Amino acid sequence: MSDQSLDLETVIRYNRPTATDGSIQVSTDRTAVTEGSRVLLGFGDDHEVTYAVLTPSEAQTVATALEQAAEHAAAADTLEDPTDE
């Protein structure tokens, strides 16, 4: 069974007002055998990539937070603007 991974092309914003094309990558770390399985979460562009190495529990916490934020954002998008009457 091969490891599943996600590579999402998106806009990356650093501590500056401009944005650049980049990606978010999610995969499992095959080198962490002695320490247990780890999830790699990477953010970056052609110039720099930052990785977070997460335990499965930490990855689940991040996934839950992302899911809740996405649901909240989707709900906010479906609300009608009260000034639009």
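Computed from the coordinates by the stated procedures, all read-outs in this text should not be read as laboratory data. Values in this document were obtained by computation on a predicted structure and should not be read as measured data.
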Report summary line: Non-local residues with an amide H under 5 Å from the amide H of residue 37, with H modelled 1.01 Å from N and Pro and chain starts lacking one, are none
Report summary line: Taking 0.36 nm per residue of separation between residue 67 and residue 37 and subtracting their Cα-Cα distance, the length gained on full extension comes to 8.6 nm
